């Protein structure tokens, strides 16, 4: 059982990271002092299958989505490949290659496509907080070219009134999905951060809403350049800013999952979180071929970095923002 497997813990200063190799290499906990920064499990940890929906598991923490976020069928030289919801890797055990006090390296092989992902993490203390450096390495182990897309999937817990901060150059976003289609249909372009929903309410998308708002919006911004390849979340009540930085040469998009009680659709606990998701594509489905599509030749390896900074900030007490009519 998953709870009997040995977790990996790395630390630096007052920051502590807990990884679960048995459950998809999940970063199950990211704590600063007594504060947990990641979405808590919606269901108890347990075994996963190769076909179950992401909502049927704990739907928490930080997973890696590869080779697709959305379930889809893709054509390859070996025939059609069925990629499950949120990809392969959150469902299977990872191999812990290395762990020390402040670093860890893990590896896993996809089952829908012949891809191997290695992820290394180094946690360090900074003058204003902590830094987590991640390095990803992806190899095609097969005998034929394969398509792929990747998205980090860190689900950060939020309180009403917390703020999402994007570069000033980001003035619009692409809708991937919206609970009740209140932001429009998939593919629609909307202004960032203020937008009028289909019910007439004006939303400030940069402000976290109340957990009972029923909001569940997936957006993309980008492609980003060197100057604007970042996104941040201000946890105002904690006095912390969480910033993700990414390499726009290979991961030029940032996915935004804004969920305030709007998902899962099934009865039971709901997510209350914001995900800042560096990604190779501004589509969830690998089956959608476009300029962002990526392929790996047999034996080819590609690497890319990601960085997470957690900094102490000065904040003023703010009341939760309400939707305007």
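Data table
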| read-out | value |
| --- | --- |
| Residue tally, condition surrounded by 14 or more Cβ atoms within 10 Å (Cβ to Cβ) and part of a loop (DSSP other than H, G, I, E, B), over the stretch 202-226 | 11 |
| Of the criteria (1) under 23 Å from residue 13 (Cα atoms); (2) under 20 Å from the mean Cα position of the chain (by Cα); (3) in contact (Cβ under 8 Å) with a residue 40 or more places away in the chain, which one residue 120 fails | (3) |
| Residues of the stretch 289-315 classified as within 23 Å of residue 54 (Cβ to Cβ) and free of Cβ contacts under 8 Å to residues at least 24 places away in the same chain, total | 0 |
| Condition met for residue 253 (at pLDDT 95 or above, within 17 Å of the chain's Cα centre (by Cα), over 22 Å from residue 37 (Cβ atoms) and buried (at least 18 other Cβ atoms within 10 Å of the Cβ)) | yes |
| Number of the condition not met by residue 167 [criteria: (1) touching a helix residue (DSSP H, G or I) at 6+ places or on another chain (Cβ under 6 Å); (2) within 18 Å of residue 262 (Cβ to Cβ)] | (2) |
| Filtered residues of the stretch 70-94 (kept if in contact with a helix residue (DSSP H, G or I) (Cβ under 7 Å, 6 or more places away or on another chain) and touching a residue at least 60 places away in the same chain (Cβ under 8 Å)) | 86, 93, 94 |
| Subset of the stretch 256-276 (residues that are on the phi > 0 side of the Ramachandran plot and assigned to a strand (DSSP E or B)) | 261 |
| Residue match in the stretch 90-102 (condition: crowded, with 16+ Cβ neighbours inside 10 Å and under 23 Å from residue 293 (Cβ atoms)) | yes |
| Residue match in the stretch 10-20 (condition: within 18 Å of the chain's Cα centre (by Cα) and in a loop (DSSP other than H, G, I, E, B)) | no |
| Test result for residue 65, more than 27 Å from residue 216 (Cα to Cα) and either crowded, with 17+ Cβ neighbours inside 10 Å or in contact with a strand residue (DSSP E or B) (Cβ under 6 Å, 6 or more places away or on another chain) (or both) | no |
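The values are calculated or read from the model by the stated rules, or taken from the named source; none is laboratory data. Because the structure is predicted, anything quoted here is derived from the model rather than measured. No Cβ is skipped: glycine too gets one built from the backbone with ideal geometry, and neighbour counts run over all protein chains shown.
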